[in-house]
Amino acid sequence: MRRKPPVVLATRPIEQSRFLRAEQVDLEFSNGERRTHERLRTSGLGAVIMVAMRDEDTVLLIREYATGLGSYELGLPKGRLDPGETAEQGANRELKEEIGFGARDLLILTRLSASPTYMSAMAHVVLARDLYPERLQGDEPEELEVVPWKLSELHTLLQEPEVSEGRSIAALFIAREFLAGRFRPTP
């Protein structure tokens with residue numbers, strides 16, 4: 001289902017947002033060179049990105065509007081952790097909100113950064129298996145389209161024009177390698 005993107009009513013610069021704040025960092029490197037870098041700081045609670053397996057080979061993706069790109073993007077369900085939540089609890093909540101399923105088996109595979117040169121954000125990659133139907137009300141402005149995809153056909157997913165989000169692509173490859181026995185998470 002192809003949706004018409006939302007209409008941009010206005011854009012304006014902000015000094016701070018609910019989620020991020022910019023800061024300058026003065027650095028001196030081991031060779032004596034000094035630089036001032038800028039970075040975005042997050043709330044510090046962390047985030048989760050879930051590889052939800054409907055069966056041994058089928059992952060559930062979502063299509064949602066990506067404001068940064070101004071278009072719909074196909075990727076994995078993801079979200080911020082709420083205060084007091086573990087990564088597993090946050091992953092299960094986000095799954096219920098975004099795809100209408102919970103998971104009885106949740107395993108943290110690793111953590112990924114988005115842009116470590118200028119952002120402090122980290123996301124736990126969580127493999128979700130043994131899914132069961134349960135829906136929670138989320139904060140999305142529209143219902144997200146759930147798109148099943150064969151993990152064995154991951155190479156064809158990369159050819160889709162709506163697939164560009166690096167964390168989703170990396171998490172899918174990490175999960176595929178784990179499921180094939182070629183990757184083991186470090187405790």
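What follows draws every value from the coordinates through simple rules; no lab data is involved. Bear in mind that the values here come from a model prediction, so they are computed numbers and not experimental data. Neighbour counts run over all protein chains shown; Cβ positions are idealised from the backbone, glycine included.
Starting with the fewest neighbours, write out S17, S113 ranked by other beta-carbon atoms found within 10 Å of each beta-carbon. Working shown, then result.
Working: S17 9, S113 13.
Lowest count first: S17, S113.
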Nearest-ten-degree value, helix 87-98 long axis tilted from longest Cα axis of the chain: 70 degrees
By Cβ neighbour count within 10 Å, fewest first, F173, F178 rank F173, F178
Hey, for a label at S113 modelled as a point 7 Å past Cα toward Cβ, could you say which residues of segment 38-62 have their backbone N under 12 Å away? 39-40
Given backbone amide H placed at 1.01 Å from N, residues whose amide H is under 5 Å from that of S120, ignoring those fewer than 5 places away on the same chain, are L40, T42
Percentage relative contact order, the chain, counting C-alpha pairs under 8 Å, at least six apart: 23 percent
Inverting the mean 1/r over all pairs of different Cα atoms, compute the Kirkwood radius of segment 44-179 and quote it in Å. 14.9 Å
If each residue's Cβ is checked for other Cβ atoms within 10 Å, how do S120, S168, S30 rank with the fewest at the top? S30, S120, S168
What helix-only [θ] at 222 nm does the chain give? Using -39500 (n - 2.57) per DSSP H run of at least 4, over all residues, to the nearest 500, the answer is -4500 deg cm²/dmol
Expected vector for segment 105-114, Karplus 3J(HN,Hα) from phi with 6.51, -1.76, 1.60 and θ = phi - 60°, integer Hz, x for Gly and Pro, equals 10, 10, 9, 6, 8, 5, 10, 10, 9, 7
List every residue whose amide H lies under 5 Å from the amide H of R54, counting only residues 5 or more places away in sequence or on a different chain, with H placed 1.01 Å from N in the peptide plane. V59, L60
Qualifying trypsin sites (Lys or Arg not before Pro) for segment 151-187 [loop in DSSP, other Cβ within 10 Å: at most 15]: R182
Where a label projected 7 Å from the Cα of H37 along Cα→Cβ would reach, residues of segment 96-125 with amide N under 18 Å: 112-123
Amide H neighbours of V163 under 5 Å, counting only residues 5+ apart in sequence or on other chains, H built in-plane at 1.01 Å? L74
